[in-house]
Amino acid sequence: MITVTMYSQQVCPFCDRAERLLRSRGVEEINKKMIDRDLAARQEMLLRTGRRTVPQIYLGQTHVGGFDDLVELDRQGKLTPLLATASQ
């Protein structure tokens, strides 16, 4: 099973939408790192991604970006194969 990590915040409509999209593509478990509750997680996100906005999503070790990036991957038909590849 693929490890999905999502840096998120408690109130974040884009995070909720990203989670719904991932679950609709078969992702059962998402490791959420809440940057509004955990300053270490916020710092980790900044160091790993160089970005300040949430969500920031990793499929395995692959950083796919934020919600718009995730949707674009899905529109291009690349999300499902990436999920399958990362889970092997």
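The values are calculated or read from the model by the stated rules, or taken from the named source; none is laboratory data. No experiment lies behind these values; they were computed from the predicted model shown. As a convention, Cβ positions derive from the backbone with ideal geometry for all residues, glycine included, and neighbour counts pool all protein chains shown.
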For this session: Check whether at least one residue in the stretch 53-65 is on the phi > 0 side of the Ramachandran plot and over 14 Å from the mean Cα position of the chain (by Cα), and report yes or no.
Result: no
For this session: Could you please tell me which pairs satisfy a Cβ distance under 7 Å, a separation of 6+ or placement on different chains, a first residue in the stretch 12-31 that is at pLDDT 95 or above, and a second residue that is among the acidic types (Asp, Glu)?
Result: LEU21/ASP74; ILE30/GLU19
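For residues that are within 17 Å of GLY60 (Cα to Cα) and either surrounded by fewer than 13 Cβ atoms within 10 Å (Cβ to Cβ) or modelled with pLDDT of 95 or more (or both), scanning just the stretch 1-11, find the one that is nearest to the chain's Cα centre (by Cα).
As a first pass, look at the stretch 1-11 and keep what is within 17 Å of GLY60 (Cα to Cα): 1-8.
Filter again for either surrounded by fewer than 13 Cβ atoms within 10 Å (Cβ to Cβ) or modelled with pLDDT of 95 or more (or both), leaving 1, 4-8.
Details: MET1: 15, VAL4: 6, THR5: 5, MET6: 4, TYR7: 7, SER8: 8 Å.
Applying the filter and picking the extreme gives MET6.
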Exercise. Is it true that some residue in the stretch 49-61 is in a helix (DSSP H, G or I), surrounded by fewer than 16 Cβ atoms within 10 Å (Cβ to Cβ) and of a type outside the set (Asp, Glu)?
Worked result: no
Exercise. Among LEU46, LEU73, which is more than 9 Å from TYR7 (Cβ to Cβ), in contact with a Lys or Arg (Cβ under 7 Å, 6 or more places away or on another chain), at pLDDT 95 or above and part of a helix (DSSP H, G or I)?
Worked result: LEU46
Problem set entry | Complete set of residues in the stretch 45-76 that are more than 17 Å from ARG20 (Cα to Cα), without any contact (Cβ under 8 Å) to a residue 12 or more places away in the chain and not polar (S, T, N, Q) | LEU46, LEU47, GLY50, ARG52
